[in-house]
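These notes concern the structure reproduced below.
The values are calculated or read from the model by the stated rules, or taken from the named source; none is laboratory data. Being a predicted model, the structure only gives us computed values, none of them experimental. Reconstructed Cβ throughout: ideal geometry from the backbone, glycine too, with neighbour counts over all protein chains shown. What goes into the accessible areas is simple: the full protein's heavy atoms, side chains included, and nothing from ligands, DNA or RNA. Shrake-Rupley method; radii C 1.70, N 1.55, O 1.52, S 1.80 Å.
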Amino acid sequence: MLSLQECFSCEDGGMSVNRFPIQLRFGDEDSNGHVNNVRYVQFMEEARVRLSLVPLPGSGSAGGAETFRSVTREAGTTLVVRQEIEYLTPLMYRPDPVWMEIWVSALGRSSFSYGFRLTDDDGGTVYAVAEAAMVMVGRDTGRPAALSERQREVLADWAGGDVPFRQAAAGAVK
């Protein structure tokens, strides 16, 4: 049976990664015969939403458990401010799911970034790597707001390394 979520740490102990299965649909293919690039952004969104709903350790039962979404809802919301995707291997429709790995790749005062890797179940084929920058905004002001201590704790638990892009974006300084 397909797991709804997996969490693991790499052997070196340096990266906490959550993985979520993504079921492809025949309609994801475009006229070129591979999964359309727009769907990758939707896969990233799916992983972000699912991660935000994972019960946090020590927070009780699933129904009343604390989640990143519940912690964030108290102060406002998070918004996507930038996304970057590097496509590595064409992804064709198939009945088996692909897996979206997600981790926190950067943590700032009012912002953070998620790193992503879209792979086969065994991680042998990597279809894309990506990063999404998020900003916390206040409910009342709609302006950037500092992350709470609790948010920072949760995000730090999900911290991993940089996204393994092959090259920096055009004009980007790395």
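Structure notes:
- Solvent exposure of the range 83-125, expressed per residue, is 42 Å² of accessible area, with all protein chains present and a 1.4 angstrom probe.
- Computed in the context of the full set of protein chains, the accessible area of the chain at 1.4 Å probe radius has 51% of its extent on carbon or sulfur.
- Once you divide the Cα radius of gyration of the chain by 2.2 N^0.38 Å, the number left is 1.06.
- Computed [θ] at 222 nm, helices only, for the chain once each DSSP H run of length n ≥ 4 contributes -39500 (n - 2.57): -5500 deg cm²/dmol
- Sparse-neighbourhood loop sites, trypsin sites (Lys or Arg not before Pro) in the range 46-114 - DSSP loop, at most 13 other Cβ within 10 angstrom: Arg109
- A Förster distance of 25 Å, applied to the separation of the beta-carbon atoms of Thr141 and Asp120, puts the FRET efficiency at 0.05.
- The longest part of the chain holding none of the exposed loop GluC sites (Glu not before Pro), meaning those outside H, G, I, E and B in DSSP with at most 14 other Cβ atoms within 10 Å, is 75-174.
- Distance between the 7 Å Cα→Cβ label points at Glu84 and Ala159: 2.1 nm.
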